Amino acid sequence: MSDWREYGPPIRVEGGIRARSRRGQIAQTWWSQRFIEVLESFGMGGRLQRGKRYARAGQVLSMSVSKSLVVAQVQGSRETPYRVRIGMKAFSAAEWARIEEALAGQALFAAKLLAGEMPTDIEAEFERLGLRLFPDTMRELTMDCSCPDWEIPCKHLAAACYLLAESFDEDPFQILAWRGRGREELLDRLRSLRGTKAAAREDEVAPLAECMESFWTMPPLPGGSGGEPARPDAVLDQLDPLRVEGIDVVERLRPAYRALGAAED
């Protein structure tokens, strides 16, 4: 069998997928940088660098992200392009139900996702549920390439990893699709759950027709119980402490409230 190292430089191609970054780091957003950091933490840092030149030269012919699997074709030194696959375990339906419930329950998370952004605290939310957005160990990833290079990742896999990070820059939902939930399905679930929660809150409020007689009535001041009249200064008990130049403003107001109450009596 011929040694793979006897082959020369890669065959140049036209129309390949080129990394937008021409120098320095490729990943730009926090979530794509996090993905590269995770791969480097598995001891892949040096081997990843080998694929950066391929990614910038447009040697990746195609790449698709679907549930659990990224598939790419990379042109190397042989006439036939190499097939690259990067797999990661998808979350189960039950796990996604928990994730969606948690994300829908926080207005900021839901708003950012509906706007096409990845919330900065989303990793912590996944961890709170006992899950990981990004792989925690190398065992969670499977990588293979049809080239004869035995190292993982080879430069073809590494090129695909860099372009995958850039695809995360463009569309953070690619990360979630890889974990098993596509953009539209996730957003539809969040809208549905947010709508259900809003409807539940509305059900807790009495219809206007049922409270017309008391609509313009001032609610009782806090502090009274049973038939006892509320203290005139009871409303001050609801205020947070406020001190100005060492003076307790709330306590300074209390005699005035009591005086007003006495005058009304």
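The values are calculated or read from the model by the stated rules, or taken from the named source; none is laboratory data. In this text, all values refer to a predicted model and were calculated from it rather than measured experimentally. Every residue, glycine as well, gets a Cβ built from its backbone with ideal geometry; the counts of neighbours run over all protein chains shown.
In the set ALA94, ALA55, ALA72, only one residue is modelled with pLDDT of 90 or more and either in contact with an Asp or Glu (Cβ under 6 Å, 6 or more places away or on another chain) or within 30 Å of LEU193 (Cα to Cα) (or both); that residue is ALA94.
When you check ARG34 against the structure, is it at pLDDT 90 or above, among the basic types (Lys, Arg), in a helix (DSSP H, G or I) and crowded, with 16+ Cβ neighbours inside 10 Å, yes or no?
Yes; evaluated as a whole, the condition is true for this residue.
Within the range 31-48, not a single residue is more than 18 Å from LEU141 (Cβ to Cβ) and of a type outside the set (Val, Ile, Thr).
Name the one entry in ALA57, ALA27, ALA72 that is touching a strand residue (DSSP E or B) at 6+ places or on another chain (Cβ under 8 Å), small (Gly, Ala, Ser) and either surrounded by 14 or more Cβ atoms within 10 Å (Cβ to Cβ) or farther than 21 Å from LEU133 by Cβ (or both).
After applying the criteria, what remains is ALA72.
The number of residues in the range 54-93 that are over 20 Å from ILE175 (Cβ atoms) and free of Cβ contacts under 8 Å to residues at least 40 places away in the same chain comes to 4. Counting only residues that are of a type in the set (Lys, Arg) and closer than 20 Å to MET88 by Cα, which one in the range 104-146 is surrounded by the most Cβ atoms within 10 Å (Cβ to Cβ)? By that ranking, first place goes to ARG132. Of all the criteria given as (1) assigned to a helix (DSSP H, G or I); (2) surrounded by fewer than 19 Cβ atoms within 10 Å (Cβ to Cβ); (3) modelled with pLDDT under 90; (4) not hydrophobic (A, V, I, L, M, F, W, C), the one not satisfied by GLU101 is (3). For the range 121-151, a residue qualifies if it is at pLDDT 85 or above and β-branched (Val, Ile, Thr), and the qualifying residues are ILE122, THR142.
Pairing residues of the range 105-121 that are farther than 15 Å from LEU186 by Cβ with residues that are part of a loop (DSSP other than H, G, I, E, B) and at pLDDT 85 or above, at Cβ distances under 7 Å and at least 6 apart in sequence or on separate chains, gives LEU108/PRO119. Among the residues of the range 165-183, write down those that are of a type in the set (D, E, K, R), assigned to a helix (DSSP H, G or I) and modelled with pLDDT of 90 or more. Correct list: GLU166 only.
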